[in-house]
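The values are calculated or read from the model by the stated rules, or taken from the named source; none is laboratory data. Worth saying up front: this structure is predicted, and the values here are computed from it rather than measured. In this analysis, Cβ positions are derived from the backbone assuming ideal geometry, glycine residues included, and neighbour counts consider all displayed protein chains. Keep in mind that these areas ignore ligands, DNA and RNA; they rest on the heavy atoms of the full protein, side chains included. Shrake-Rupley method; radii C 1.70, N 1.55, O 1.52, S 1.80 Å.
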Amino acid sequence: MSSEEVLKCSLCSEPAITNIRYAKLRLCKKHFIEYIQNKVFKTIKRYELIKNGWRVLVAVSGGRDSIALLHILSVISKQLGFNVLALHLDLGITDYSRRAREVVESFCRSLEVPLIVVDLKELLGVRLPDLVIRSRRPACSLCGLLKRYLINVVGIESKVNVVVLGHHLDDLLTYVMKNFLLQKLNDISKLGPKTESEGPLVGRVRPLYEVSGNETSLYVSIQGLPVVDGVCPYKVVGSIEGEVRKFLDSIEGRNPGIKIALARGIAKNIEFYKVGLRSNVGTCRYCGMPTSGDVCAFCKLTEKVLGSSTGPIVRSKIKEVVSSYR
Ligand code: SF4
Ligand code: ZN
Ligand code: ZN
């Protein structure tokens, strides 16, 4: 085979821009874009993530993964018959959040996708860095708590059918392996292609379940999609996740396709990981959101660092913000 042939797309005579080893395909720009959109389409069908006639809430941070996801969904939503509503959480992380918000606002305008912006400063009068100082908790743990709570509240108040998250194959497998190493088996049950709704909580789906981080990045760059530049100043380097990711990449390098096989296996065995899992049985005595205790984590946090549980105020403010998007 000549080098000229090697560089050709497997599906046409255009030059290949990537070699997808697990699928034994070299693809040109056009066929790569179609391949990824089709893969997400099939993932939605395979795991029954989104149904015809649904309204879905897509959480968009402004990073590569959520930007790629929003773009793909805006294309395939027409074929699958669902409506997309975007959500951006502005946690006030220095200049990084300002740039991310600008990217998301302008991208949603260009796609003509309605966007809900939830601004932490407007809700609580403080930004994430203030909460980090006052609570002395790690930024990423606070960020995760706030995001979970705010997404859940927006999901409920906007009355969408499902919340869509931009976690891709590499993110998910990394968390799965980390939880396995720490033997937090119940946590693995929340890392499948979907997490069912529970009481008033809206379910979550992950249509990039079988799309790798590299594929997401390539999709964004060849489509020229806008993403926030730089990284969050709180990002930790050299974490356990980084080590696990290298390990998974090395196995995939020698066994193309093993990551997708593992992801499918986890999806198949998801009930196994739920054994003994306590569901959120109660509701928070302040804000009424589902919680396993008497007071939810958000109300506990705000009571501790702001002097009162602000869950009820946050819920009513969000209700007002989303009322025009219902
Ligand atoms: Fe949040 Fe941490 Fe990610 Fe920054 S690095 S966006 S603080 S989770
Ligand atoms: Zn081609
Ligand atoms: Zn609460």
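Of all residues in the range 77-92, at least one satisfies being over 17 Å from the mean Cα position of the chain (by Cα), exposed (fewer than 14 other Cβ atoms within 10 Å of the Cβ) and assigned to a helix (DSSP H, G or I).
Could you check the range 133-234 for helices (runs of 4 or more DSSP H) lying wholly inside it with 2 or more residues that are open to solvent by less than 10 Å² (accessible area, probe 1.4 Å) and farther than 24 Å from Ser74 by Cα? Write out each step before concluding.
Working: elements: 139-157, 169-181, 185-188, 213-223.
The helices (runs of 4 or more DSSP H) meeting that bar are 139-157, 169-181.
In a helix (DSSP H, G or I) and surrounded by 17 or more Cβ atoms within 10 Å (Cβ to Cβ): is that true of Ile266 in this structure? Taking the combined requirement at face value, the residue satisfies it. The residues in the range 237-262 that are open to solvent by less than 30 Å² (accessible area, probe 1.4 Å) and in contact with a Phe, Trp or Tyr (Cβ under 6 Å, 6 or more places away or on another chain) can be counted, and the count is 1. Just for the range 309-326: of the residues that are open to solvent by 50 Å² or more (accessible area, probe 1.4 Å) and among the hydrophobic types (A, V, I, L, M, F, W, C), which one is nearest to ligand 3 (Cβ to nearest atom)? Among those that are open to solvent by 50 Å² or more (accessible area, probe 1.4 Å) and among the hydrophobic types (A, V, I, L, M, F, W, C), it is Ile313.
Taking the conditions exactly as written (buried (at least 16 other Cβ atoms within 10 Å of the Cβ) and modelled with pLDDT of 95 or more), does Gly62 satisfy them or not?
So Gly62 passes the test.
Yes/no per residue for (1) over 24 Å from the mean Cα position of the chain (by Cα); (2) within 30 Å of Ser106 (Cβ to Cβ); (3) of a type in the set (Asp, Glu); (4) modelled with pLDDT under 95:
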| site | (1), (2), (3), (4) |
| --- | --- |
| Ser221 | no, yes, no, no |
| Asp229 | no, yes, yes, yes |
| Ile251 | yes, no, no, no |
| Ala261 | no, no, no, no |
| Ile266 | no, no, no, no |
| Cys287 | yes, no, no, no |
| Gly293 | yes, no, no, yes |
| Glu303 | yes, no, yes, no |
| Arg315 | no, yes, no, no |
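If you check Glu122, Glu102, Glu48, which single one turns out to be surrounded by fewer than 16 Cβ atoms within 10 Å (Cβ to Cβ) and part of a loop (DSSP other than H, G, I, E, B)?
Values: Glu122 fails: part of a loop (DSSP other than H, G, I, E, B); Glu102 fails: part of a loop (DSSP other than H, G, I, E, B).
The unique qualifying residue is Glu48.
If you scan the range 235-244, which residues turn out to be closer than 19 Å to Asp65 by Cα, not aliphatic (A, V, I, L, M) and not in a helix (DSSP H, G or I)? Lys235, the sole residue that qualifies. Number of residues in the range 282-308 that are open to solvent by 60 Å² or more (accessible area, probe 1.4 Å) and near ligand 3 (Cβ under 10 Å from one of its atoms) equals 6.
Pick out the one residue from Ile20, Ile67 that is away from ligand 1 (no atom under 16 Å from the Cβ) and open to solvent by less than 20 Å² (accessible area, probe 1.4 Å). After ruling out the rest, the residue left standing is Ile20.
Here is a yes/no grid of residues against (1) away from ligand 1 (no atom under 16 Å from the Cβ); (2) free of Cβ contacts under 8 Å to residues at least 24 places away in the same chain:
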site: Cys9; (1), (2): yes, yes
site: Ile36; (1), (2): yes, no
site: Gly63; (1), (2): no, no
site: Ile72; (1), (2): yes, no
